[in-house]
1. When you look at ARG90, is it basic (Lys, Arg), loosely packed, with under 11 Cβ neighbours inside 10 Å, assigned to a strand (DSSP E or B) and without any contact (Cβ under 8 Å) to a residue 12 or more places away in the chain, yes or no?
2. Filter region 26-49 down to the residues that are in a strand (DSSP E or B) and without any contact (Cβ under 8 Å) to a residue 12 or more places away in the chain and list them by number.
3. Quickly run through region 102-118 and pick out the residues that are in a strand (DSSP E or B), over 17 Å from LEU19 (Cα atoms) and open to solvent by less than 60 Å² (accessible area, probe 1.4 Å).
4. Checking the condition of a type outside the set (Ser, Thr, Tyr), surrounded by 16 or more Cβ atoms within 10 Å (Cβ to Cβ), in a strand (DSSP E or B) and without any contact (Cβ under 8 Å) to a residue 60 or more places away in the chain, which residue from VAL99, VAL95 passes?
Amino acid sequence: MRLGVRIRMVVPGRIVRHLTFGGLRVQRRDAARLLFVSIANRGNVTVQLRGRVTALLLRRGQQLTRLSLYARRALHPGARAVVALRYSGRVRGPVTAEVRVRLGPGFHVVERRYRIRL
């Protein structure tokens, strides 16, 4: 049997929500493409990534599709993670991937653009 206890701590100090993006890598698997994005939490609070990470694939400024992360994942302070976004559409060739993370209501959206080839 495994037992888990949640603890919520209130400590003095400023809350800092700060995410940074690393590189993006595209890998082909069967008929789909996987976009692997590196994300680092530079803040001092845990950030929930589920439902908050999206990527837009753009060509000449026009949106082709929107990809979402559905895996259940939390990013703890000081941690890094590589998240995978699956694309199985027909578009090939050079596109711009705009990756966004919403930190929550009332907070800014962290985003970065990558030039990639599908």
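The values are calculated or read from the model by the stated rules, or taken from the named source; none is laboratory data. Owing to the predicted nature of the structure, the values given are computational and were not obtained by experimental measurement. Cβ atoms come from the backbone with ideal geometry, glycine included; neighbour counts cover every protein chain shown. Please note that ligands, DNA and RNA were not included when accessible areas were found on the heavy atoms of the full protein model with its side chains. Shrake-Rupley method; radii C 1.70, N 1.55, O 1.52, S 1.80 Å.
1. no
2. GLN27, ARG28, ARG29
3. Scanning region 102-118 gives a single hit, ILE116.
4. None of the others qualify; the one that does is VAL95.
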